[in-house]
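Engineer: Encoded as structure tokens, here's the structure I'll be asking about.
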Amino acid sequence: MSLPEGEEKVRAVRELFDRIADRYDLVNRVMTFGMDVGWRGSTVAELRLPGGALVADLACGTGDLCRELRRSGYRAVGFDLSLRMLRRARTDAPLVQADILRLPLADASVDGATCGFALRNVVSLAGLFEECARVLRPGGRAAFLEASEPEGRFMRAGHRVYFHRVVPLIGGLLSDREAYGYLPRSMAYLPPTPVLLDLLRAAGFPDARRIPLSGGIAQVFVGTRG
């Protein structure tokens, strides 16, 4: 089955997350065995910004990263395409429905940016990174959390079985099988790591680097706005 592109992808992603919003947090905890909590903590830790810094959380969903940002002493504001996800959010941070490729923010208006598991869901990675660079002040930091495949042969084989077979099964039992079948297929949207890092650097993050998490089943791309 082919993956949607362009405006069709925008509509498909919005509709998908509207469908799974009610049980999104539950399914995340179950299918990652709770490891996603630690991954978000690692993502926020990579910002390394002063207390009170203003951080935009892109594709904020139900507000997990917003809550982590607040716990770490930052001010957070969240943006998401799915209105139903925002209505299910559990955070005191202000939330805005918006396409994260066209943020309703002024140039150089925030100190940091985070984004959790959404690189696969945007129409243009280059556009996302350029928009982050636009709204970040010089010296600001961005951290993008995303799923990954481990590098070791045996771990990679086991991960593929789990990701492509077990995750859709869990999603079907607890929420929406079709939606969670999209998750492993959507990894095809991600370019190879060197290409993704080149896109980040070209957008204005010259020190961009990748940090593997939990043996490589998750990853964080971080960079400082030049």
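The values are calculated or read from the model by the stated rules, or taken from the named source; none is laboratory data. Please read all numbers here as calculations on a predicted model, not as lab measurements. Because the Cβ atoms are built from the backbone with ideal geometry, glycine has one as well, and the counts that use them run over all protein chains shown.
Engineer: Within segment 153-226, which helices (runs of 4 or more DSSP H) (wholly inside it) include 3 or more residues that are under 25 Å from P4 (Cβ atoms) and touching a residue at least 24 places away in the same chain (Cβ under 8 Å)?
Structural biologist: It comes to 167-174, 177-185, 193-203.
Engineer: T62 is checked against (1) over 24 Å from I170 (Cβ atoms); (2) at pLDDT 95 or above; (3) among the β-branched types (V, I, T) and fails just one. What number does that condition carry?
Structural biologist: Failed condition: (1).
Engineer: Right, something else. Considering only segment 86-98, I want to know if a residue exists there that is under 26 Å from D18 (Cβ atoms), outside any helix (DSSP H, G or I), among the hydroxyl-bearing types (S, T, Y) and over 14 Å from the mean Cα position of the chain (by Cα).
Structural biologist: Yes, because at least one residue in segment 86-98 is under 26 Å from D18 (Cβ atoms), outside any helix (DSSP H, G or I), among the hydroxyl-bearing types (S, T, Y) and over 14 Å from the mean Cα position of the chain (by Cα).
Engineer: Within segment 13-32, identify whether any single residue is in contact with a Leu (Cβ under 8 Å, 6 or more places away or on another chain) and among the aromatic types (F, W, Y), and answer yes or no.
Structural biologist: yes
Engineer: Further, regarding this structure: Considering each residue of segment 32-83, count those that are assigned to a loop (DSSP other than H, G, I, E, B), β-branched (V, I, T) and within 14 Å of the chain's Cα centre (by Cα), and give that number.
Structural biologist: Total meeting the criteria: 1.
Engineer: Out of all the residues in segment 4-11, is one or more within 18 Å of V123 (Cα to Cα), touching a helix residue (DSSP H, G or I) at 6+ places or on another chain (Cβ under 8 Å) and without any contact (Cβ under 8 Å) to a residue 12 or more places away in the chain?
Structural biologist: Scanning segment 4-11, I find at least one residue that is within 18 Å of V123 (Cα to Cα), touching a helix residue (DSSP H, G or I) at 6+ places or on another chain (Cβ under 8 Å) and without any contact (Cβ under 8 Å) to a residue 12 or more places away in the chain, so the answer is yes.
Engineer: Let me spell it out: the conditions are (1) crowded, with 20+ Cβ neighbours inside 10 Å; (2) free of Cβ contacts under 8 Å to residues at least 60 places away in the same chain; (3) closer than 24 Å to G226 by Cα, and T114 meets all of them except one. Which number is the exception?
Structural biologist: (2)
Engineer: Determine which member of the set S42, S72 is of a type in the set (S, T, N, Q), surrounded by fewer than 20 Cβ atoms within 10 Å (Cβ to Cβ) and in contact (Cβ under 8 Å) with a residue 60 or more places away in the chain.
Structural biologist: S42
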